[in-house]
2 protein chains.
Amino acid sequence: MYMTKIKQDKEQTGSDLFKFQLHAVCHDTQARRGTIHTRRGRVETPAFMPVGTQGTVKGMLPEQLKEIGAQIILGNTYHLYLRPGHERMARLGGLHKFMNWDRPILTDSGGFQVFSLGELRKIDEQGVRFQSHLDGSAHILTPELSIGIQESLGADIMMVFDECIPHPATHAYVAESTARSTRWAARCKEARTDSSAALFGIVQGGMEQDLRRQSVVDLLEIGFDGYALGGLSVGESAEVMYQVMDWSLPLLPAECPRYVMGVGTPENLVEAVARGADMFDCVMPTRNARNGVLFTSFGKVSIKQARFSEDEMPIDPDCNCYVCSNYSRAYLRHLYQSNEILASVLNTTHNLYYYLHLMQRIRDAIAAGRYRAFREEFYRNRIPAGDGHAFTGSV
Amino acid sequence: MYMTKIKQDKEQTGSDLFKFQLHAVCHDTQARRGTIHTRRGRVETPAFMPVGTQGTVKGMLPEQLKEIGAQIILGNTYHLYLRPGHERMARLGGLHKFMNWDRPILTDSGGFQVFSLGELRKIDEQGVRFQSHLDGSAHILTPELSIGIQESLGADIMMVFDECIPHPATHAYVAESTARSTRWAARCKEARTDSSAALFGIVQGGMEQDLRRQSVVDLLEIGFDGYALGGLSVGESAEVMYQVMDWSLPLLPAECPRYVMGVGTPENLVEAVARGADMFDCVMPTRNARNGVLFTSFGKVSIKQARFSEDEMPIDPDCNCYVCSNYSRAYLRHLYQSNEILASVLNTTHNLYYYLHLMQRIRDAIAAGRYRAFREEFYRNRIPAGDGHAFTGSV
């Protein structure tokens, strides 16, 4: 029933230039290999989207992002609305031109940031009143304004304006909020004026199975080009996160891309892909990089440790990135200790390469029909000691 | 007499793998076009050396430096001695390997930084006692240690340990300090163990003609691979700086490279070249970049000004650098206002390109026998209003 409905709606009101092709589905898991076609080119899925909050993926040139395999990036509506402002951005020719990025951009709706302002915001049916974190100025963000901003930015994939429900929350609050987010989703679709950009719905419903299901049903009724799971990575355990994916992802139409928002660790991505997710974004690789925390094939590690001060090995001897090919742990530690700009640049390059290369290996494994084996190997290589203790003399 | 002396000394104790070739000398000015040969390759002169204080030219990858034409960079002995430490650096294979830079490196002697510590240091005949700016630990830097550090770093051109005399200073103090720097210079030459690296003497003598002359005579007596003018850009006027160059540079042997240390603005470089200088270093392009101040063919400008917020033009319409080819003033202002890493990266790229491209144009002009005309054109293009007001609607 969902399928018929979504197809029908897509024909009527979906994006003209947006298409999702499914190439392979794993036999053992729900993992899917596909291609998203946008007006600015393709995205091979499963895909990770580096986060470019303020019109730049922090520390990276667009050419460097392309070199490590970024096919799409995420822009933050809230930040760009406040600075430089969406009307100014429109006058300057849109976000792509502004930041010199000609591949697809997905923009969030601004909802997540506005809700994370806490005390500074107030919700009603119309939208959210909030104060700018930059200058305290008063604003109201509505579904209509969110779409207006995203269209001004020139997003290739837009997201509906929703509430990212805090965790934990009562069933009653989750029900009320999710119903409101559904009404806002309908208003977003109504507000769209440019059919060449895609619009994705966002499944809410907190950690409640009945409300997640209801959210899916209601969004499919409205009909979107793709569907996201929102409200994850908000403090719940990994088990609960995977449970919510297990409840929700199978209900979504196979012919639309499925985006799990704000997730997550490399393990989270491997697990979410096994459950049928196609798209991800997370600040983890970029933010961790700036804090000296690096991702490797054997786990996460902090480069600031004194034991790296004369370590001539690359971060990860199994990694082929520019950083691992040219620099030692000793040098990266020195740059970090010296608070050098290049510390952020090199650490970000390595971490994003790790994430994007992981997605490449995931895509290859699904295409080769061996995702289950890939997942087992992935866990086998990791040293359980985990954070900050992954490097050993023998690696 | 100087010439004979220097040649004789060079044969006895100069670097084996260091050579300076003079290709052309301007008919109207003292400008010289040459090539320095080092054990790690050539440097075309007149040359500008980007400053890489802590084992990195702030915000730039080595490949990016090469792309904009950097042939040699400067490393800071004082900083690298304190962190990561020269013995550690030697164990890690030297500075080139550490920072992934295979072209020549010139290291300063540490003197300039130690003397700029002010209260934290004390001079005697042996050397300088000082406290680390990082942790307050006590150190003594001597001519012998300075050379030891520079050899541990693997410098291709080393500088003698000297006192950079504050300005203003009494004739008596300048005389005393310069004589001590000369004794230290002799000790530096004595301390050298690796004849494949070059060692440059540094002319001191403050703003006193007799003492500058004496310093030159004494250094030539000792004999070095090249000669620098130190103690400039310490607060004196441009006129005084040029006066010191006019007193000193003609006394130096034509067959050795002449390096004017810590200088300067684009105007300073054009003037120093006209007076026969071959090499320069300065933090101005890199430090200004991080503060949002950009060099252009029409003067210096601050990118933070509100009037650039919707300016779609590149920083300098006459510039062919990566930044001017791809980004607007509006974007660069946005990055700077947002305190983004990319602001430093792009601004540094542009400013260093400006300096290195200026040196290229200078070299071409000398080779073509038209340096005087070049110098006139250089001044003609500049808008006298200067700092922060150079951009106009019409450029």
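What follows is calculated from the coordinates using simple rules that are stated; it is not laboratory data. Just so you know, these numbers come straight off a predicted model, no measurement behind them. Backbone-built Cβ (ideal geometry, glycine too); neighbour counts: all protein chains shown.
Pairs from the table (B:Lys58/B:Lys189; A:Lys58/B:Lys300; B:Lys19/B:Lys189; A:Lys58/B:Lys66; A:Lys19/A:Lys97) lying more than 21 angstrom apart at Cα are B:Lys58/B:Lys189; A:Lys58/B:Lys300; A:Lys58/B:Lys66; A:Lys19/A:Lys97. The label point for B:Ser116 and the one for A:Asn381, both projected 7 Å from the Cα toward the Cβ, are 4.5 nm apart.
For a footprinting-style exposure proxy, rank B:Asp311, B:Asp162, A:Asp16 by other Cβ within 10 Å, fewest first. Walk me through the numbers before you get to the answer.
Working: B:Asp311 19, B:Asp162 30, A:Asp16 11.
Taking fewest neighbouring Cβ atoms as first place, the list is A:Asp16, B:Asp311, B:Asp162.
Summary of packing: across the peptides A:217-225, A:173-181, the per-residue average of other C-beta atoms within 10 Å ranks them, highest first, as A:217-225, A:173-181. When both the range A:312-337 and the range A:85-142 are represented by their alpha-carbon centers, they are found 37 Å apart.
Compared with the dominant principal axis of the Cα atoms in chain A, helix A:238-248 is inclined by about 40°. Each residue in B:Arg33, A:Arg307 was given a count of other beta-carbon atoms within 10 angstrom of its own, and listing them fewest first yields A:Arg307, B:Arg33. Shown for A:Asn326: label points 7 Å from Cα along the beta-carbon vector, and their distances to the equivalent points in the other copies, 1.5 nm in ascending order. Partner shielding of A:54-61 amounts to 6, given as the average count of beta-carbon atoms from other chains within 10 Å of each residue beta-carbon.
Peptide A:336-345 has a mean of 6 when you count, residue by residue, the C-beta atoms of other protein chains within 10 Å of its C-beta. Placing a label point 7 Å from Cα along the Cα-to-Cβ axis, A:Val217 is separated from the same position in the other copies by 10.2 nm, shortest listed first. Ordered by the count of other Cβ atoms within 10 Å of each Cβ, fewest first, B:Ile362, B:Ile68, B:Ile157, A:Ile383 give A:Ile383, B:Ile68, B:Ile362, B:Ile157. Averaged over the residues of peptide B:67-78, the number of Cβ atoms from other protein chains lying within 10 Å of each residue's Cβ is 0. When each copy gets a label point 7 Å from Cα toward the beta-carbon at A:Val283, what are the spacings between them in nm, shortest first? So the label point of A:Val283 gives 3.1 nm to the other copies.
Tally the DSSP beta bridges in chain A and give the antiparallel ones as a percent, rounded to 5. Among the beta bridges of chain A, antiparallel pairing accounts for roughly 50 percent. Charge tally around A:Gly276: other residues with Cβ under 9 Å, Lys/Arg +1 each, Asp/Glu -1 each, net +2.
Helical runs (DSSP H, four residues minimum) scored at -39500 (n - 2.57) apiece and divided by the length of chain A put the mean residue ellipticity at 222 nm at -12500 deg cm²/dmol. Working from Cα pairs under 8 Å separated by at least six residues, relative contact order for the range B:1-159 is 18 percent.
Each other residue within a Cβ distance under 15 Å of B:Arg370 adds +1 if Lys or Arg and -1 if Asp or Glu, for a net charge of +3.
Between B:Arg88 and B:Asp364, the FRET efficiency estimated from the beta carbon spacing at R0 = 41 angstrom works out to 0.45.
With a Förster radius of 35 Å applied to the C-beta separation of A:Glu125 and A:Leu17, the computed FRET efficiency comes to 0.60. Where chain A is rotated onto chain B, the residue of A whose Cβ comes nearest the axis, and that gap in whole Å, is A:Ile341, 3.
Any chance you could give the angle, 0 to 90 degrees and rounded to 10, that helix B:341-367 forms with the longest Cα principal axis of chain B? Orientation of helix B:341-367: about 70 degrees from the principal axis.
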